[in-house]
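Enquirer: This structure is in structure tokens; I'll ask about it shortly.
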Amino acid sequence: MSSLLDIRDYRLDFDTFDGAYKVLDGIDLSLAEGETLGIVGETGCGKSVLAKSIMGLLPSPPARVLSGSIMFEEHDLLKATAADWRAIRGQRIAMIFQDPMTFLNPVLTIGQQVCDVIAAQQGSKPKAARLDRAAIRAHATRMLELVRLPDAAELLNRYPHQLSGGMRQRVLIAMALSGSPRLLIADEPTTALDVTIQAQVLALIDDLVQRLKLAVIMISHDLGAVAAVCRRIAVMYAGTVVEDAPTAELLARPRHPYTKGLLAALPDIEGDQATLVGIAGSIPNLLTPPQGCRFHPRCPLADARCRSEKPLLRRLSDTHRVACHHV
Amino acid sequence: MSEPLLRLENLTKHYTVKRGSFATATVKAVDGVSLHVMPGEALGIVGESGSGKSTVAKVLLRLTDPTAGRILFDGQDITALDGDALRALRRDMQIVFQNPHSALNGRHTIFDAIAEPLVVQDGLRGQPLIDRVSRLMDLVSLPRSFIYRYPHELSGGQKQRVCIARAVALKPRLLVLDEPTSALDVSVQAQILSFLKDLQQELKLTYLFISHNLAVVRYLCDRVAVMYLGAVLEQGPVAAVFDRPQHPYTQALVAAIPKPGVPAGHSLLGGDIPTASRMPPGCRFHTRCAEAMLPRCATDSPVLAPLDAGHDCACFARGPAA
Amino acid sequence: MASDTTSVAPTGWRARHAGTIRQWRLYAHLFRRSFSSMLGLFLVVLFLVLAAAGPALAPYPEDTMGAVHLDNRLKPPSLTHPFGTDEMGNDILSRVIVGTRTSLWIGLIITGVAALIGVPLGIFAGYMGGRIREVIMRITDVFLSVPGLALALAIVASLGPGITNCVIALSLVWWPGYVRLIDSKTLALKEELYIEAARAIGARTPRILFHHILPNCVSPLIVKASMDMGMAILSAASLGFIGLGAKPPSPEWGAMISVARSYMPDWWWYALFPGLAIYLTVLGFNLFGDGLRDILDPKSRGR
């Protein structure tokens, strides 16, 4: 299985007035062609920073890469130039975000914005392959139909505020897919939506993955939403990947104490729960992250080794990796 | 059976909004809601955005005036209270807001925030005030070393504990919790939820818990009311409503929760939530309802009717009326 | 992190104000990074020092009180008179230095009175809303629709020329900007959740205004006031220039230029140095205000 994306020992700091925040600490992750990977973690675990790294969207400063590589289709994205990025963003890798409204310009119609995105992609194509205006508009209509928006042709003339939250997120998905990317990064795509609308959008993403053979990285704090779409889940904590396993296996047999804690903290709609167990303590300050395993101050299993030695992400099987001394 | 601590009778809140330069529209944010909460009980209100659940909270706390209907607290009609009588009532009913980051004034220390109700209502000052604030911080498990810190130095969960300390400072009888954990991480949410459950026992509080998260309501509440576009569609004990949902909307809500192992898109509710200013005629849910087959659904508005003990549902296709 | 787990309240001033101290250190750090802010700070401090110690620093203090040295008239800049002398033979450097204090008073009183009138009106308008706000804001609009300097001219003309009347007139036309600023800030703050939280606790309106809204208005107020200092000094100098403000021989920059204009261009130093003083003061306060806005406005703050 050839990998589409391969992140190796990626370490990143954020330089601030207080000092350097050690935001990502040796990330190792890879993604095969057409694979769906969920990245789950709580606030400050670095999941969005990782996504932005893959898209080359991190401003530097404050971001500072310490080590590692992000190989995408045999190219190291950390060494990509501005011209490389123009050919990659939108056409090889695309991204959708949490709040669709902030990514749509309120004074332009949906059609203008979708067409702008498609027109911008023509620049990096050979002259003969470029689309003219009518073809761009036709392509825009096809894209809106692809994401199951009704009356696509008519919708092109509407303004973002005339659309509901769920429809706006579909428009953004259409824009993201208009350049036929191989990898779609979805950063909390349903967090701002209501449950019934979230279910629609998740079903759409799932359907697109199947039909277009897209590789997807879906980032969320909601384990349930990620599990509904992704075949594999990586759990992040304080800038490290602590566990990486197929979805069903991760949910049924979590191995890392943090993953176990996360699952135990989820309230369940079915059946009466007498108690709900949170994870004691709070996330560490990444200015002075804990020595050794970054989870040890909150971990029930922590011992002397955990406090001094950082556990590596070890293979338990072909597909299951975990970073804990006690597994 | 004892008297309810809080009773809402046909509570209605309409807003007038401008549409363009001249035209106005009426938004029926809350449209004839009747509810009651027994002493010591936890009542959940669930619904999606635009369901009016937060407006119910604001109206019953008299932070905004109802258009019609009555609010009875401990048997007393508080719908028209004002001035000092209303201020005195605030001792008995308090609220914890959804977003602890914006519910605390960034220029006030934790001490200022927790002390404010004690200063405003009891005129407390000096050492007795410091002692009370310290005890409240112990109650919500905040280290005393935080007392002179500013909100931006605390994590989300710690800030929410400050908000809870502030809300229980005056020993209220009713605590309204408006999505208190939806801005927090799951592991912190679990801490706060189990803490809220203990606190209810310890202080003998009555909760009105507003949330869009059904599982959270199931954990914390005894009864639940499901709201959609300003009205209650179903209410009853949590086990009955969530295990055997009767109203098509409740059924869709329960089915929409993503579950591992169940492919996304299983049992979808089509369409979008209509806006409260363009309310469909007839049953407010019929535009999205998979079962809206009765002719009455498009013309008449169903009212809550009992199905069995304490379980009510507003649907023509359910219950004895069907 | 160790202090987080202690269960005793901190004692001692430093421990209690650790957060505030860190905040100020951050402000200082951000301010220091910008050259223009530091230049502004330097000019403002220089101005304040000269205003505070003016008569003591002036080489010829008696020249500022209307002395006459006819043998020394209109001498170009030299070592004994670095800024040259004027038509009465007075040392221009001394007069510029002593004029600083007059300018500082003018600036402080004008912005102070304007803020004193404008802030309460703005807070009241913004918080009360409805008809009260309409009335206050329409009166403000009337004042804003007449050019400030023209209105001040009319007021001075009716009160009679003089530095006191000039300050009164400028104060009366200066406040509408503060009403606008504080009104819009209050409107935004009113929607904040913590204001609603205070109401839910039963806080009365004055408490909400003074404990919650006013402290949050302080940052924009400081920024505007520091920029207005320069503008107020400039306006007062303008009135002095056209003969409606301070009267010669009192050492006021505008009045000095007013006399000096008839000696242009041959005796250029006479107009240049008071003009430069006005220019640097206005520039200093503007750069300083800009720098303050950069650190106090969270939207433009990069950590």
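Enquirer: Output the qualifying pairs, or none if there are none: Cβ atoms under 7 angstrom, residues six or more apart or on different chains, first residue in segment A:258-275 and in a helix (DSSP H, G or I), second residue surrounded by 19 or more Cβ atoms within 10 Å (Cβ to Cβ) and small (G, A, S).
Expert: Within 7 Å, the pairs are A:G261/B:S187; A:L262/B:S187.
Enquirer: Mind checking whether some residue in segment B:36-50 is within 26 Å of B:F285 (Cβ to Cβ) and of a type in the set (S, T, Y)?
Expert: Yes, there is a match, as at least one residue in segment B:36-50 is within 26 Å of B:F285 (Cβ to Cβ) and of a type in the set (S, T, Y).
Enquirer: Just to be sure I understand, how many residues within segment B:227-239 are hydrophobic (A, V, I, L, M, F, W, C), within 12 Å of chain A (Cβ to nearest Cβ) and in contact (Cβ under 8 Å) with a residue 24 or more places away in the chain?
Expert: Here is the first cut: in segment B:227-239, the ones hydrophobic (A, V, I, L, M, F, W, C) are B:227, B:229, B:231-233, B:238-239.
Still in the running and within 12 Å of chain A (Cβ to nearest Cβ): B:238-239.
From what is left, the residues that are in contact (Cβ under 8 Å) with a residue 24 or more places away in the chain are B:238.
Going through segment B:227-239 one residue at a time, the tally reaches 1.
Enquirer: Next up: All but one of (1) buried (at least 20 other Cβ atoms within 10 Å of the Cβ); (2) within 14 Å of another protein chain (Cβ to nearest Cβ) hold for A:P181; state the number of the condition that does not hold.
Expert: (2)
Enquirer: Can you name the condition, by its number, that A:G271 falls short on among (1) at positive phi; (2) away from chain B (no Cβ under 12 Å); (3) surrounded by fewer than 15 Cβ atoms within 10 Å (Cβ to Cβ)?
Expert: With (1) at positive phi; (2) away from chain B (no Cβ under 12 Å); (3) surrounded by fewer than 15 Cβ atoms within 10 Å (Cβ to Cβ) applied to A:G271, the lone miss is (2).
Enquirer: Turning to a different aspect of this structure: Looking at A:V216, A:V195, A:V209, which is the one that is farther than 30 Å from B:Y228 by Cβ, modelled with pLDDT under 90 and surrounded by fewer than 24 Cβ atoms within 10 Å (Cβ to Cβ)? Talk me through it step by step, then tell me what you get.
Expert: Working: A:V216 fails: modelled with pLDDT under 90; A:V195 fails: farther than 30 Å from B:Y228 by Cβ.
Only one candidate passes the filter, namely A:V209.
Enquirer: What tally of residues in segment A:239-267 results from selecting those that are within 13 Å of chain B (Cβ to nearest Cβ) and of a type in the set (S, T, N, Q)?
Expert: Adding up the residues that qualify gives 2.
Enquirer: Do the conditions hold for A:A245, that is, is it touching a Ser or Thr at 6+ places or on another chain (Cβ under 7 Å), touching a residue at least 40 places away in the same chain (Cβ under 8 Å) and crowded, with 20+ Cβ neighbours inside 10 Å?
Expert: Numbers: touching a Ser or Thr at 6+ places or on another chain (Cβ under 7 Å): yes; touching a residue at least 40 places away in the same chain (Cβ under 8 Å): yes; crowded, with 20+ Cβ neighbours inside 10 Å: yes.
In short, yes.
Enquirer: Also, I was wondering about something else. What pairs come up if the first residue lies in segment A:194-218 and is within 24 Å of B:G50 (Cβ to Cβ), the second is β-branched (V, I, T) and surrounded by fewer than 18 Cβ atoms within 10 Å (Cβ to Cβ), and their beta carbons are under 9 Å apart, counting only those six or more places apart or on different chains?
Expert: Note: pairs meeting the criteria are A:Q198/A:T191.
Enquirer: Right, another one. Here are the criteria: (1) closer than 21 Å to B:I273 by Cα; (2) modelled with pLDDT under 90; (3) assigned to a helix (DSSP H, G or I); (4) under 22 Å from the mean Cα position of the chain (by Cα). Tell me which single one A:V171 does not satisfy.
Expert: The single condition A:V171 does not satisfy is (2).
Enquirer: Which condition breaks for C:G243 when tested against (1) on the phi > 0 side of the Ramachandran plot; (2) in contact with a Gly (Cβ under 6 Å, 6 or more places away or on another chain)?
Expert: (2)
Enquirer: Checking A:R307 against (1) in contact (Cβ under 8 Å) with a residue 24 or more places away in the chain; (2) more than 14 Å from chain B (Cβ to nearest Cβ); (3) not in a loop (DSSP other than H, G, I, E, B), only one condition comes out false. Which one?
Expert: If we test A:R307 against (1) in contact (Cβ under 8 Å) with a residue 24 or more places away in the chain; (2) more than 14 Å from chain B (Cβ to nearest Cβ); (3) not in a loop (DSSP other than H, G, I, E, B), just (1) comes out false.
Enquirer: Could you please let me know if A:A227 is under 22 Å from the mean Cα position of the chain (by Cα), small (G, A, S) and either over 30 Å from A:I173 (Cβ atoms) or assigned to a helix (DSSP H, G or I) (or both)?
Expert: Details: under 22 Å from the mean Cα position of the chain (by Cα): yes; small (G, A, S): yes; either over 30 Å from A:I173 (Cβ atoms) or assigned to a helix (DSSP H, G or I) (or both): yes.
Taking the combined requirement at face value, the residue satisfies it.
Enquirer: While we're on this one: Consider segment A:54-86. How many of its residues are in contact with a helix residue (DSSP H, G or I) (Cβ under 8 Å, 6 or more places away or on another chain) and among the polar types (S, T, N, Q)?
Expert: The number of residues fulfilling the criteria is 1.
Enquirer: Any idea how many residues of segment A:206-224 are part of a strand (DSSP E or B) and hydrophobic (A, V, I, L, M, F, W, C)? Break it down into steps so the answer makes sense when it comes.
Expert: Keep residues of segment A:206-224 that are part of a strand (DSSP E or B), which gives A:215-220.
Adding the requirement that they be hydrophobic (A, V, I, L, M, F, W, C) leaves A:215-219.
Counting residues in segment A:206-224 that are part of a strand (DSSP E or B) and hydrophobic (A, V, I, L, M, F, W, C) gives 5.
Enquirer: Does segment B:190-208 contain at least one residue that is more than 16 Å from the chain's Cα centre (by Cα), farther than 15 Å from B:I164 by Cβ, more than 8 Å from chain A (Cβ to nearest Cβ) and touching a residue at least 24 places away in the same chain (Cβ under 8 Å)?
Expert: Yes, there is a match, as at least one residue in segment B:190-208 is more than 16 Å from the chain's Cα centre (by Cα), farther than 15 Å from B:I164 by Cβ, more than 8 Å from chain A (Cβ to nearest Cβ) and touching a residue at least 24 places away in the same chain (Cβ under 8 Å).
Enquirer: Has segment A:276-287 got any residue that is aliphatic (A, V, I, L, M) and in contact with an Asp or Glu (Cβ under 7 Å, 6 or more places away or on another chain)? Before the answer, list the steps.
Expert: Of the residues in segment A:276-287, the ones aliphatic (A, V, I, L, M) are A:276-277, A:279-280, A:283, A:286-287.
Subsequent filtering for residues that are in contact with an Asp or Glu (Cβ under 7 Å, 6 or more places away or on another chain) retains A:283, A:287.
Scanning segment A:276-287 turns up at least one residue that is aliphatic (A, V, I, L, M) and in contact with an Asp or Glu (Cβ under 7 Å, 6 or more places away or on another chain).
Enquirer: While we're looking at this one, here's another question. Determine if segment A:34-55 includes at least one residue that is of a type in the set (D, E) and at pLDDT 90 or above.
Expert: Here is the first cut: in segment A:34-55, the residues of a type in the set (D, E) are A:35, A:42.
From the residues that got through so far, the ones that are at pLDDT 90 or above too are A:35.
Checked segment A:34-55: at least one residue is of a type in the set (D, E) and at pLDDT 90 or above.
Enquirer: I need the full set of residues from segment B:102-111 which are buried (at least 18 other Cβ atoms within 10 Å of the Cβ) and more than 7 Å from chain C (Cβ to nearest Cβ), in order please. Give the derivation first.
Expert: Within segment B:102-111, the subset buried (at least 18 other Cβ atoms within 10 Å of the Cβ) is B:102-105, B:108-111.
Across segment B:102-111, the qualifying residues are B:H108, B:T109, B:I110, B:F111.
Enquirer: Among the residues of segment B:69-85, are any in contact with a strand residue (DSSP E or B) (Cβ under 7 Å, 6 or more places away or on another chain), aliphatic (A, V, I, L, M), within 23 Å of B:S211 (Cβ to Cβ) and touching a residue at least 12 places away in the same chain (Cβ under 8 Å)?
Expert: For segment B:69-85, residues in contact with a strand residue (DSSP E or B) (Cβ under 7 Å, 6 or more places away or on another chain), aliphatic (A, V, I, L, M), within 23 Å of B:S211 (Cβ to Cβ) and touching a residue at least 12 places away in the same chain (Cβ under 8 Å): present.
Enquirer: Could you tell me which of the residues A:T196, A:T190 is more than 17 Å from the chain's Cα centre (by Cα), at the interface with chain B (Cβ under 10 Å from one of its Cβ atoms) and not acidic (D, E)?
Expert: On the way: A:T190 fails: more than 17 Å from the chain's Cα centre (by Cα).
Exactly one of A:T196, A:T190 is more than 17 Å from the chain's Cα centre (by Cα), at the interface with chain B (Cβ under 10 Å from one of its Cβ atoms) and not acidic (D, E), namely A:T196.
Enquirer: Given the conditions (1) of a type in the set (A, V, I, L, M); (2) touching a residue at least 24 places away in the same chain (Cβ under 8 Å); (3) within 8 Å of chain B (Cβ to nearest Cβ); (4) not in a helix (DSSP H, G or I), report the number of the one that A:L286 does not fulfil.
Expert: For A:L286, the failing item is (3).
Enquirer: Sticking with this structure for a sec: Taking the stated definitions as given, is C:A197 at pLDDT 90 or above and over 30 Å from C:K75 (Cα atoms)? Write out each step before concluding.
Expert: Numbers: at pLDDT 90 or above: yes; over 30 Å from C:K75 (Cα atoms): yes.
Spelling it out, C:A197 is indeed at pLDDT 90 or above and over 30 Å from C:K75 (Cα atoms).
Enquirer: If you take the residues of segment C:181-213 that are within 23 Å of C:D141 (Cα to Cα) and within 14 Å of chain B (Cβ to nearest Cβ), which of them is nearest to the chain's Cα centre (by Cα)?
Expert: Filtering segment C:181-213 for residues within 23 Å of C:D141 (Cα to Cα) gives C:181-190.
Add one more test, that the residue is within 14 Å of chain B (Cβ to nearest Cβ), and what stays is C:185, C:188-190.
On the way: C:K185: 20, C:A188: 25, C:L189: 25, C:K190: 28 Å.
By that ranking, first place goes to C:K185.
Enquirer: One residue is enough: does segment A:125-143 have a residue meeting the conditions over 26 Å from A:L5 (Cβ atoms) and of a type in the set (V, I, T)?
Expert: The answer is yes; a qualifying residue exists.
Residue by residue, here is whether (1) in contact (Cβ under 8 Å) with a residue 40 or more places away in the chain; (2) within 13 Å of B:M227 (Cβ to Cβ) holds:
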| position | (1), (2) |
| --- | --- |
| B:L6 | yes, no |
| B:Y15 | no, no |
| B:V27 | yes, no |
| B:D31 | yes, yes |
| B:L35 | yes, yes |
| B:I45 | yes, yes |
| B:E48 | yes, yes |
| B:P66 | yes, no |
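Enquirer: Given the structure, is A:R253 more than 30 Å from A:R86 (Cβ to Cβ), at pLDDT 90 or above and surrounded by fewer than 23 Cβ atoms within 10 Å (Cβ to Cβ)?
Expert: Against the criterion (more than 30 Å from A:R86 (Cβ to Cβ), at pLDDT 90 or above and surrounded by fewer than 23 Cβ atoms within 10 Å (Cβ to Cβ)), A:R253 qualifies.
The values are calculated or read from the model by the stated rules, or taken from the named source; none is laboratory data. It should be emphasised that the depicted structure is a prediction, and the values quoted were computed from it without experimental measurement. Reconstructed Cβ throughout: ideal geometry from the backbone, glycine too, with neighbour counts over all protein chains shown.
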